[in-house]
Structures are given as structure tokens and as C-alpha cells.
1. Kirkwood hydrodynamic radius, the stretch 1-73, all distinct C-alpha pairs: what's the number in Å?
2. Hey, any idea what Rg/Rh is for the stretch 145-206, computing Rh the Kirkwood way over Cα pairs?
3. Run the 1.4 Å probe and let me know the accessible area of Leu256, rounded to the nearest 10 Å².
4. Under 25 Å Cα-Cα from Lys567, which lysines qualify once same-chain neighbours fewer than 8 residues away are excluded?
5. Label points 7 Å out from Cα along the Cβ direction at Asp35 and Asp363: separation in nm?
6. For the pairs Lys275/Lys303; Lys432/Lys573; Lys358/Lys424, flag any whose C-alpha to C-alpha distance is greater than 18 Å.
7. Any idea how far the Cα center of the stretch 113-190 sits from the one of the stretch 353-374, in Å?
8. Please report, in whole Å, how far the alpha carbons of the stretch 1-124 spread along each principal axis, starting with the longest.
Amino acid sequence: MANDAHVKALKLGVDHWNSWRRQHFAEQPDFSGADLSGSDLSGANLIGANLSKANLSCTVLKSVFLSCANLSNAYLSEANLMKANLSKADLTKADLSFADLTAATLIETNLNRATLIETVLTGANLSFADLNRANLNKANLENANLTKAILIEACLDHANLRACNFSLAIASEASLREANLVEARLNKADFSFASLIEANLRRANLSKGIFIEANFRGATLREASLRKSRFGRANLGSTDLTEADATEANLAGVDLIRATLSKTLLDRAILKEAKLSGANLNKATLTSADLSEADLSEADLTKTDLRQVNLAQADLTRSKISATNFNGAMLTGLCLEDAQLSSTTKLEGVTCNFVYLKRNNQDRRPNSGEFLPGEFAQLFHSALETLNLTLHAGVNWTAFAHSINRLNAEHKAAQLGIQSIENKGDGIILLKLSTAPGIDTVQIHRDFMRIYEETKQTLENRRQLNTRDTLLGHSSTDGTHPRESINQLFELLSPQLSINSNSRTEFRKNNPGSTPIYPPESSAAATAVDTATILTTIFYDLAQRYPDATDPQRLSVTALEIQQKAKDNSRFKAKLVEAIRSGSLPIDRALLDNPFISVTLEMVRDWLDLESSVLPNPVLQVQSVVPRV
């Protein structure tokens, strides 16, 4: 309990109290549990006083001397502690919510499990302070000094930590969600296992810091310094590291999925086994960095400096490689599946014994042994004649066909043709286009994506109903009849899978008056692939237009689509019949494994009113219809 004499002396005013203290300097003031709320104690000498559990809410304590005082469990909500001296004071479990500690001195202060919600600590000196498990949610610590402070498991969510000094602080397992750390100093600090999700660390200094397994997902680190910092197994997914300096940083095994690293300095950085899929490394500098076994799938490596980099066993599947500098790099074991290559890529002095053209160490080149001198460069440049287009969340086939037609008109020398349409899972569709040698595939890719997005938006703004949409109660996704899109795609198939005009003319001469079903120039296998590609586009188009259709509706609309297609395009019907007769595996896969509904060869035969003798031995047929959603 509080000493009544001490309480009475204090309430007589600060001047009286300070005079009394000078006369009784050996006596420890006891205000434990006292109600001093609303008092003006500015400048009071309360050094070493016992204020545990005291009520000091709304008290004015400006420039008060509280060093070594016991304020454990004290109630200081909304108190004014501007420029107060709380060095070595015990504020364990104290409630300082909404208090103002601007420019206060809290050196070596014990704030263990204290509540500092929305507390103002602007310019406060908290060096060596103990803030273990302290609640600083929405607190204002702008320009505060937290050098060597202990913030283990502290909560700093939404706090204003702008230009705050955390040098040599220990903040492991602390939470700083959406905190403002612009220009803050975290150099040599330990933030291992801390949560910095969506925090703003623009121009912050994190050099030589420890951030092992810290979570920075969605954080902003633009122009920040991460030099020689350790981020082992940290989560930096979707972070913005534009123009950051991460020279010699240890980012081994770090999650940098879809991170922005444009113009970032990563010289001599360790990125072994790092996850960089979908990351933007445009114009980044990674000279002499270790990217061995890193996942760079779908990463943008346009104009990236990768000189002397170790990319052994790295995965560059569907990555963008344009004007990329690989000079002197180690590329042995690299995976280049569907990578968007460019003739501007620099490959001088690279070391590459073998590569893989498919993931999981599949399709090794060469099949055995090592590349002969110049063989890798030859393989690389031969792949430049293929343009890979990766589309997410499905494909608008009408917009796609229109875009290809526009490109063919604008880039006649490119001689574009469809090679294949592949479902990569997770809504990703890969379209491979053949191009003429020496074409700038990067520019073609850029133009296609621009035209495709513009066309898709235009079509979506002109939605109209068609007959089958009315039947199913759906509106179409664009203003063009879907069958027209399929027909356009059929005409755009690669030359080696198409019928040229000479063959058509010759057939007409030799078969006057006959139905114009043109004899295929390609092999049965090519015919099957050709037809399977068209069937695949039909099923994908139906899946997009009728996502909520029932199984009977799906079956009906599929039958109508294939019947109408065969009626409108006798060439398609001829190829389909030939493929069915030969028992083609691609046809079986297209019919059975698609995102709309599985159908059998028997069903297709009935829809086309074919004789049963047309069908091959039904080894791969199924007995029921299984929807593919």
C-alpha cells in the first residue's frame, strides 16, 4: 500500500515534493496502488519510487525523473511522459496505451509484456530496453532509438517505425505486420522468425542482419540495403525489391515467388535452391551469384546480367530470356522447357555439358555424354524458331485466333503457325507457335499479348446471346460465334500439318464434282495430332462458356459442337474419321482427358452417323461419361 505521508506531500505540488525529497533523500517514496490520475507532476523527482499498480492515467509527467522507478502493472494510459527519464525503470506489464513518450529516455527500461497500443514514442531513446512480448500495436516510434533493444515476440503491427534505429536489436519472433519501416535501420539486428508481412521497408538498411525464416510476404523493400544479410528459408514471396542492394546476401532456399527484383543488385549473392518462379529480374545484376538448383520457372530474365553465375541444375521452364547475359556462366543441367529464348542472348564462354528440355531431368540433350564444342549454342539457336505463349486462367479462343491473324498481317515475315496447345495445370495453357528463322520472338510475344488483351476486353464488352447459349440459359463470352473461332484456329495450324493450295487444286482436277475432302499430306500420326489439337480447343472453349452446365447439358452441347464442326468443315470430318479409324492415342486423350466432359469413340461415331466398322479395337474406350470439371 502507498505511504499516506508521501502521497500528501506529492499532492501539495511538485516544488514542495522536490524540496521534501532533498531533505529525505535516503527514503524510498511509496505510491504503490495510489490514485494519481489527472495530476500534473511535470519535473517531479520520482527516481527509484515505487509506483507499482498506481493509477497515473491522464497524468502529466513531462520531464519527470523516473529512472529506476518501479512502475510494474501501473496504469499510464493517455499519460503525458514527453521527455521523461525512465532509464532502467521497471514497466513490466504496465499499460501505456495512448500515452505520449515523445523524446523520452528509456535506456535499459524493462517493458516486458507492457501494453503500448498507439503509444507515441517519437524520438524516444529505447536503447537496451527490454520489450519482450510488449504490445506496440499502432505505436508511433518514428526516429526512436532501439539500438540493442530486446523485442522478442513483441507486437509492432501497424506501428510507425519510420527512420527507427533497430541496430543490433533482437526481435526474433516479433510481429511487424504492415509496419512503416521506411528508412529504418535494422543493420546487424536479429529478426529471425519475425513476421514483416506487407511491411514498408523502402530505403531501409538491413545490411548484415539476420532474417532466418522471417516472413516478408508482400513487403516493400524498394531501394533497401540487404548487403551481406542472411535470409535462410525466409519468405520473400511477392515482395518488391526494385533497385535494392542485396550484394553478397545469403538467400539460399528463400521463397521469392513472384517477387519484383527489377534492377536489383545481387552480385555474389547465394540463391542456391531459391524459389524464383514468376519473379521479375528484369535488368537485375547477379554477376558471380550462386543460382544452382534454383527454380526460375516463368521468371522474367530480360536484360538480366548473369555473367559468371552458377546455374547448374536450375529450372528455367517458361522463363523469358531476352538480351540476357550468360557470358562465362555455368549452365550444366539447366532445364529450358518452353523457355522464351531470344537471338540477343549472350552465351560466350559458357560451361554447359548437357541440358534438359523437360522438367524432372527429362529429355536430356545430348542423350548421353557431353556437348561437343559449339553444339549447345546450335541447340539454343535452333529453339529460337519456336514462340511460347503462356496464358493463365484459360484462353479466349476468339481473341486468340483474332490476335494470331493480326500478327500474321503485321509481321508477315514471321510466318506464324500453331504447333501445339498444352494444358500445364492450374489454369495455365501453353501455346507453341512456329516462326521463321531470325525473327524477334520477344517483340512478337509483346505484340501478341497486347493485341490479345485488347481484343478480349473488346469482346467482353460486346456480349451477345447465341442459340446454344439460350438453350442452356447462358450468355456468350464474346460477340463472335464460337464455331468461327475453332475454324480460324484450324486454318492457322502449322504448315507441316496443313494442306497446301497446290494439293487442293490437284485433287479438284482429278476428282471433279467430288466432295472437297482433301487427302492429307502428313502421316497418320501428324493427322491425329492435328485433329486432337482442334478437339482440345473445342473442349476448352466449351468449358469456358458453360462452367455450370449439368452433365446431360455438357454432353448435348459437345455433340452439337462436333456435329456442326464436321458439317461446316469436311476436311475436319475427314481427318477425324481417319484418326478414329487408325485408333489414335492423341484422339483418345483429347476425348477422355479434357476440362469439359469425357466422351468415347463410340459416341463420336454415333454423332457423325458412322458405320461401326470405322472404329478400331476399343482397347482404350470407357463405358461411362465422366465429367472433367
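The values are calculated or read from the model by the stated rules, or taken from the named source; none is laboratory data. All values reported here derive from a predicted model rather than from experimental measurement. Here Cβ is always computed from backbone atoms with ideal geometry, including for glycine, and neighbour counts include all displayed protein chains. Ligands, DNA and RNA are stripped out before the accessible areas are found, and what is left, the full protein with its side chains, is counted by its heavy atoms. Shrake-Rupley method; radii C 1.70, N 1.55, O 1.52, S 1.80 Å.
1. Evaluated on the stretch 1-73, it is 11.9 Å.
2. Values: Rg = 9.8 Å, Rh = 10.8 Å.
Rg/Rh for the stretch 145-206 comes to 0.91.
3. Rounded to the nearest 10, the figure is 0 Å².
4. Reachable lysines: Lys509, Lys575.
5. 8.1
6. Details: Lys275/Lys303 20 Å; Lys432/Lys573 24 Å; Lys358/Lys424 13 Å.
In this structure, Lys275/Lys303; Lys432/Lys573 lie more than 18 Å apart at Cα.
7. 52
8. 37, 26, 25
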